[in-house]
Amino acid sequence: MVVSDENGQITSFQEKPSVEEALSNKVNTGIYIFEPEVLDLIPAGETYDIGGDLFPKIVEAGLPFHAIDLPFNWIDIGRISDYWEANQKIMKGELRTIPMPGTQVRPGVWVGLNTSIEWDQCEIQGPVYIGSGTRIEPGAMIVGPTWIGHGCHIRENARISKSIIFEYTRIGSASIVKNSVAFGRFFVDKDGNNFESEDMHLDWVTDSRIPAEALKSATDGDEK
């Protein structure tokens with residue numbers, strides 16, 4: 001947290017304080033502009049933290065050290081749960097400064113270039129983004145907010161709900177993906193916990209082979 005005076009001069013700096021101990025609601029976003037002379041304040045040959053060591057030293061020395069207020073909400077995406085939540089906000093239009101990419105082809109559905117989608121044989125409920133070169137086979141059901149990256153392959157009867165599918169991932173036939181993030185060899189839930197199942201192959205191909213009668217119930221009910 002950053003505390004500054006009416007001229008923007010930083011008077012104190014707190015590295016990750018608790019809510020009760022915070023002296024300000026101004027957040028350090030990790031974007032800095034330094035003069036070269038600041039390197040003279042960093043001792044050689046030892047670990048020296050910018051937030052915990054350098055900034056308090058600058059404040060103590062009374063050197064010019066100013067904060068800039070920027071009119072936006074800063075969202076930390078250092079954890080999978082943060083990334084998933086930020087993506088959900090973008091898809092729902094809650095972050096107005098971030099426009100959706102691609103072309104809106106129907107209400108709440110944006111697509112990139114050269115997609116192959118069986119529109120008449122799929123059910124797609126926005127908000128949904130479908131990246132360039134992605135193929136979606138008949139019978140697939142996609143419920144937003146869902147982001148599907150470039151070059152993905154969603155096979156027949158797959159069910160995807162409130163999830164993020166990274167580039168070049170194939171979701172196998174009759175798979176169920178809900179409140180999750182799929183990327184490469186990894187498949188995790190929205191809180192960052194590994195998802196493992198005898199029926200889910202955590203590879204470039206994910207294929208849960210869920211019986212047809214279970215497909216509809218996967219997109220109903222409570223959220224995780």
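The values are calculated or read from the model by the stated rules, or taken from the named source; none is laboratory data. Keep in mind the model is a prediction, meaning the values are calculated, not measured. All Cβ positions, glycine included, derive from the backbone under ideal geometry; neighbour counts span all protein chains shown.
Can you say whether Ile98 is assigned by TED's automatic domain parsing to the domain that holds Ser163, touching a helix residue (DSSP H, G or I) at 6+ places or on another chain (Cβ under 6 Å) and surrounded by 10 or more Cβ atoms within 10 Å (Cβ to Cβ), as far as the supplied structure shows?
Judged against the criteria, Ile98 is a match.
Matching residues to (1) crowded, with 20+ Cβ neighbours inside 10 Å; (2) at pLDDT 90 or above; (3) of a type in the set (Gly, Ala, Ser); (4) in the same structural domain as Ala182 (by TED's automatic domain parsing):
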{"residue": "Gly112", "(1), (2), (3), (4)": "no, yes, yes, yes"}
{"residue": "Ser116", "(1), (2), (3), (4)": "no, yes, yes, yes"}
{"residue": "Glu123", "(1), (2), (3), (4)": "no, yes, no, yes"}
{"residue": "Thr134", "(1), (2), (3), (4)": "yes, yes, no, yes"}
{"residue": "Glu137", "(1), (2), (3), (4)": "no, yes, no, yes"}
{"residue": "Ile171", "(1), (2), (3), (4)": "yes, no, no, yes"}
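So, in the range 13-51, of the ones that are of a type in the set (Gly, Ala, Ser) and more than 31 Å from the chain's Cα centre (by Cα), which residue ends up farthest from His66 (Cα to Cα)?
Result: Gly45.
Mind listing just one residue for me: the one in the range 77-90 that is under 15 Å from Ser180 (Cα atoms) and among the hydrophobic types (A, V, I, L, M, F, W, C) and, of those, surrounded by the most Cβ atoms within 10 Å (Cβ to Cβ)?
Only one residue fits best here, namely Trp84.
Return the pairs, sorted by first residue and then second, in which the second residue is outside any helix (DSSP H, G or I), the first residue lies in the range 40-53 and is in contact (Cβ under 8 Å) with a residue 12 or more places away in the chain, the beta carbons are less than 7 Å apart, and the residues are 6+ apart or on different chains.
Listed by first residue and then by second, the contacts come to Ile42/Tyr48; Gly51/Glu15; Gly51/Asn28; Gly52/Glu15.
So which of Phe55, Phe34 ends up being in a helix (DSSP H, G or I) and out of contact with any helix residue (DSSP H, G or I) (no Cβ under 8 Å at 6 or more places or on another chain)?
So the residue among Phe55, Phe34 that is in a helix (DSSP H, G or I) and out of contact with any helix residue (DSSP H, G or I) (no Cβ under 8 Å at 6 or more places or on another chain) is Phe55.
Which of the residues belonging to the range 101-110 are β-branched (Val, Ile, Thr) and surrounded by 15 or more Cβ atoms within 10 Å (Cβ to Cβ)?
Result: Val109, single match.
When residues of the range 37-52 are filtered for being among the charged types (D, E, K, R) and assigned to a helix (DSSP H, G or I), how many remain?
Looking only at that region, the number is 2.
From the set of residues in the range 143-169 that are within 18 Å of Gly112 (Cα to Cα) and more than 20 Å from the chain's Cα centre (by Cα), which is surrounded by the fewest Cβ atoms within 10 Å (Cβ to Cβ)?
His153
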